[in-house]
Amino acid sequence: MRHTMIPLTFVAEALDGSVTWNQKTQTVFVSKPSTKLLTDVKSSALSTARNAAINLPRISQLTEDFEPSMEASSLQYYFPENTKDRFIEVNNNVIRYYQITKNTAYLKWQAFISEKTTTQVNLYFINRSFTKENGSLPNFKDTTFANFRWMPHITSTGYGLITKENWNDVVFKQAELPQTNLKENYIIVDIPEEK
């Protein structure tokens, strides 16, 4: 039997895909987003690019994957103001930080969120303690965030800009989402105040 070896990285990247080796878990990941996502992630429209970002293939560069304790009743996304290439996702008791590189969302940090109330310095909008962390998180303590709360049971996204001074007092505006957006999992909306 003859085997033919091909350079996987070269072929994947030539097709707008990516190949990632996770040394810690001895695992290779090959991913390729849809043509629509490839187009949308490059969009100058911030909400379009952000929607693509949260739907890109996700790859962990960490030693383990933390799973939420139950199915999401809501998802929260935090993008640093005017950015589309990194985001924080809160899914029940798990918080994750992703960076977008080469059309892939790379998991860089994650933590379990406990029920114990505390004040977080870096992620000021989380008022509970972390019980276990994995990975590396940048400094966000003075960052303004575009915050989105997706509530699938009412097909609505709440949104607003938050800072460490106002995060607990922000009244979120609501946006009903059309069915076409829901089919594509495009749940991020424009925030008029974001310049």
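Given the options Thr25, Thr63, name the one that is within 23 Å of Leu123 (Cβ to Cβ), in a loop (DSSP other than H, G, I, E, B) and of a type outside the set (Asp, Glu). Steps first, please.
Values: Thr25 fails: within 23 Å of Leu123 (Cβ to Cβ).
The unique qualifying residue is Thr63.
Could you please give the count of residues in the stretch 141-167 that are part of a loop (DSSP other than H, G, I, E, B) and touching a residue at least 12 places away in the same chain (Cβ under 8 Å)? Before you say what the answer is, go through the steps one by one.
Step one: of the stretch 141-167, the residues part of a loop (DSSP other than H, G, I, E, B) are 141-144, 155, 163-167.
Filter again for touching a residue at least 12 places away in the same chain (Cβ under 8 Å), leaving 141-144, 155, 163-164, 167.
Residues that pass the stated criteria total 8.
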Among Ser44, Ser60, the single one that is open to solvent by 80 Å² or more (accessible area, probe 1.4 Å) and among the small types (Gly, Ala, Ser) is Ser44
TODO: Restrict the check to the stretch 71-88 and report whether at least one residue is among the β-branched types (Val, Ile, Thr), crowded, with 18+ Cβ neighbours inside 10 Å and farther than 22 Å from Thr27 by Cβ.
DONE: yes
Restricting the stretch 159-195 to residues that are of a type in the set (Val, Ile, Thr) and under 21 Å from Asn82 (Cα atoms), the one most open to solvent (accessible area, probe 1.4 Å) turns out to be Val171
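The values are calculated or read from the model by the stated rules, or taken from the named source; none is laboratory data. None of the values given here were measured: they were computed from a predicted structure. FYI the Cβ positions are ideal-geometry reconstructions off the backbone, even for glycines, and counts take in every protein chain you see. Just the protein is used for accessible areas: all its heavy atoms, side chains included, with ligands, DNA and RNA removed. Shrake-Rupley method; radii C 1.70, N 1.55, O 1.52, S 1.80 Å.
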